[in-house]
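Below is one structure, written out as structure tokens, with a few remarks after it.
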Amino acid sequence: MPDEKTKQRQKPKKAPSVPQGPGGQEEKVIRPKDFLKSYVSPHKKKARPVIGSDLPTVVRDAHTLYNLCFTRQGNQAGAFAVAHSQINDKEPLRFFVVANKQIIINPVITRHTKTTIKSEEGCTTFPEEKQVEVDRWNKCEVDYQTLDSEGKLTDVIHEKLDGKMAKIFQHEIDHLNAKYIYE
């Protein structure tokens, strides 16, 4: 335990600085309820592939999508991932953000098991709905891109998924294809 002299020498902690956005400009601090305003109503507009000129939008909106993963919405305590089409109904882009900070761009399921399993899922697009059973492949293979250290699109990444990550990819790809679990 520090003595009185040590306490006097310790500098007071600074208040947290304003978060910096892309390019170092100040970023507005947003409260959870403000993030919730980002959600749009369910729609039937399919997301279009992301191209290089979309990357500033991807970077900007990825911040919102990531924060929505940790924001309570009705019966949903948060989300494992959130798709761009959940916050943009005008020109949704084909990407989603996972709660572990991965930005998954232009995802496509390339292979999957023949049989499905039951998966109990909820969805923040329908915050007041209870979880429902959905048929999902327990294993699938996906191709996708992400951002490299310079903020550019990577080459296509091929990954074999199973369990929870396979279900997350399927759920979010459904969103990007304008398909919902409550249909």
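The set of residues from segment 72-86 being in contact (Cβ under 8 Å) with a residue 24 or more places away in the chain and out of contact with any Lys or Arg (no Cβ under 8 Å at 6 or more places or on another chain) comprises ARG72, GLN73, GLY74, GLN76, ALA79, ALA81, VAL82, ALA83, GLN86.
The residues of segment 126-159 that are among the basic types (Lys, Arg) and farther than 21 Å from VAL97 by Cβ, listed by number, are LYS130, LYS139.
Name the single residue, out of those in segment 139-157 being part of a strand (DSSP E or B) and in contact (Cβ under 8 Å) with a residue 60 or more places away in the chain, that is surrounded by the most Cβ atoms within 10 Å (Cβ to Cβ). In this case the residue turns out to be GLN145.
Name the residues in segment 158-183 that are within 17 Å of LYS45 (Cα to Cα) and in contact (Cβ under 8 Å) with a residue 24 or more places away in the chain, would you? Passing the criteria: HIS171, GLU172, ILE173, HIS175, LEU176, ASN177, ALA178, TYR180, ILE181, TYR182. Checking each residue of segment 161-178 against the condition of being more than 17 Å from the chain's Cα centre (by Cα), surrounded by fewer than 16 Cβ atoms within 10 Å (Cβ to Cβ) and in a strand (DSSP E or B) gives at least one match.
Residues in segment 102-114 that are part of a loop (DSSP other than H, G, I, E, B), touching a residue at least 12 places away in the same chain (Cβ under 8 Å) and over 17 Å from LEU55 (Cα atoms): THR113 only.
Restricting the first member to segment 87-101 and to residues that are among the charged types (D, E, K, R) and at pLDDT 95 or above, and the second to residues that are assigned to a loop (DSSP other than H, G, I, E, B) and crowded, with 17+ Cβ neighbours inside 10 Å, the beta-carbon pairs closer than 7 Å and six or more apart or on different chains are ARG94/ALA47; ARG94/VAL50. Of all positions in segment 109-126, at least one carries a residue that is in contact with a Pro (Cβ under 7 Å, 6 or more places away or on another chain), more than 18 Å from VAL156 (Cβ to Cβ), surrounded by 17 or more Cβ atoms within 10 Å (Cβ to Cβ) and β-branched (Val, Ile, Thr).
When SER85 is tested against the conditions (1) hydroxyl-bearing (Ser, Thr, Tyr); (2) under 16 Å from VAL59 (Cα atoms); (3) touching a strand residue (DSSP E or B) at 6+ places or on another chain (Cβ under 7 Å), the lone failure is (3).
Okay, residues lined up against (1) assigned to a strand (DSSP E or B); (2) of a type outside the set (Lys, Arg); (3) within 19 Å of LYS179 (Cβ to Cβ); (4) over 17 Å from the mean Cα position of the chain (by Cα):
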site: PRO42; (1), (2), (3), (4): no, yes, yes, no
site: VAL82; (1), (2), (3), (4): yes, yes, yes, no
site: LYS118; (1), (2), (3), (4): yes, no, yes, yes
site: GLU128; (1), (2), (3), (4): no, yes, no, yes
site: VAL134; (1), (2), (3), (4): yes, yes, yes, yes
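The values are calculated or read from the model by the stated rules, or taken from the named source; none is laboratory data. Computed from a predicted structure; not experimentally measured. Neighbour counts are summed over all protein chains in view; Cβ atoms, including those assigned to glycine, are modelled from backbone coordinates with ideal geometry.
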